[in-house]
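Beneath this line is the structure, given in structure tokens, with notes to follow.
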Amino acid sequence: MIIAKSKSDLEKMRRVGELIAGVREALRGMVEPGITTLDLNNAAEKMIRDAGAYPTFLGYQGFPFSICASVNEAIVHGFPTDYELKEGDIFSMDMGATLDGFVGDTATTVPLGNIDPEVAELLKVTEKSLYFAIEQCVPGGNVGDIGWAVQTLAEEHGYGIVQGYTGHGIGRNMHEAPQIPNYGRRGTREKIRAGFVFAIEPMLNLGSPDTKTLADGWTVVTADGKPSAHFEHTVAVTEEGPEILTLSAEQKLKRGAEKGETVSA
Ligand code: MG
């Protein structure tokens, strides 16, 4: 069953969304050649705890870190390590926080300096597919519309769609119903209603959709070794349409400008 959130639940989810978006953006500012993914993990954990929240990923089903750190061919669930990021890498970071009983979940893929143009395009299209999927989050739509949106853009560009890992409902628990695959058919599955909150997270591969899991039991990589991109927002469905709970202030301004709105600070 998909749990609809009350007004006061949504207020709490806005707060934790804003918190984790701020952590994501702070980490983005730290990503540069020479920093280790473990440094970034530790910085995230400190920021989350200093805000009075808990790093949701830490201990989740035994996951031993506060963020997932997935470099290049790693898709999701990578362990932070002493690997030093370098020019030309892409770095996917996925993180969550729990505050006042509710969870926010977000991910982004950051390029380091000059990357292969083909990979830059993969990042651009994957992020675009996230926003196209978010547009489907309107009352009266269907959950299948979300995956349809991601699939449409992925197929236009010939990217592999990761099948075994999906978006999800989110609220008091990080993973609630429904599962939201990154493929689907329009008009299928559950009706979307105001009050639902979804974590939407396209994972697209430059090459084949096939994946494998490394010996650590967690890190999921592309089977062909080609790069993969991952972008995620936590999104509330309101009567007025989708409200992205994990937008940074900068992303809000950019989206306002694209829609021709003036956004007051
Ligand atoms: Mg998620």
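The values are calculated or read from the model by the stated rules, or taken from the named source; none is laboratory data. Quick caveat: nothing in here was measured; it's all calculated off a predicted structure. Using ideal geometry, Cβ is built from the backbone for each residue, glycine included, and neighbour counts are taken over all protein chains shown. Accessible surface areas use protein heavy atoms only, side chains included; no ligands, DNA or RNA. Shrake-Rupley method; radii C 1.70, N 1.55, O 1.52, S 1.80 Å.
Arg49 - would you say it is assigned to a helix (DSSP H, G or I) and farther than 19 Å from Ile170 by Cα? Explain how you work it out, then say what you get.
Working: assigned to a helix (DSSP H, G or I): yes; farther than 19 Å from Ile170 by Cα: yes.
Judged against the criteria, Arg49 is a match.
Gln179 falls short of the stated requirement of being open to solvent by 10 Å² or more (accessible area, probe 1.4 Å), more than 13 Å from the ligand (Cβ to nearest atom) and either farther than 22 Å from Thr37 by Cβ or under 17 Å from the mean Cα position of the chain (by Cα) (or both). Here Arg172 meets each of (1) in a loop (DSSP other than H, G, I, E, B); (2) open to solvent by 50 Å² or more (accessible area, probe 1.4 Å); (3) more than 16 Å from the ligand (Cβ to nearest atom) with one exception, condition (3). Within the range 139-159, the set of residues being closer than 13 Å to Ile200 by Cβ and of a type in the set (Val, Ile, Thr) comprises Val143, Ile146, Val150. Residues that are within 14 Å of Pro80 (Cβ to Cβ) and acidic (Asp, Glu) were ranked within the range 23-48; the one that is surrounded by the fewest Cβ atoms within 10 Å (Cβ to Cβ) is Asp39. Each residue in the range 1-26 was checked for being among the hydrophobic types (A, V, I, L, M, F, W, C) and part of a helix (DSSP H, G or I), and 8 of them qualify. Out of all the residues in the range 187-194, is one or more within 15 Å of the ligand (Cβ to nearest atom) and touching a residue at least 60 places away in the same chain (Cβ under 8 Å)? Scanning the range 187-194 turns up no residue that is within 15 Å of the ligand (Cβ to nearest atom) and touching a residue at least 60 places away in the same chain (Cβ under 8 Å).
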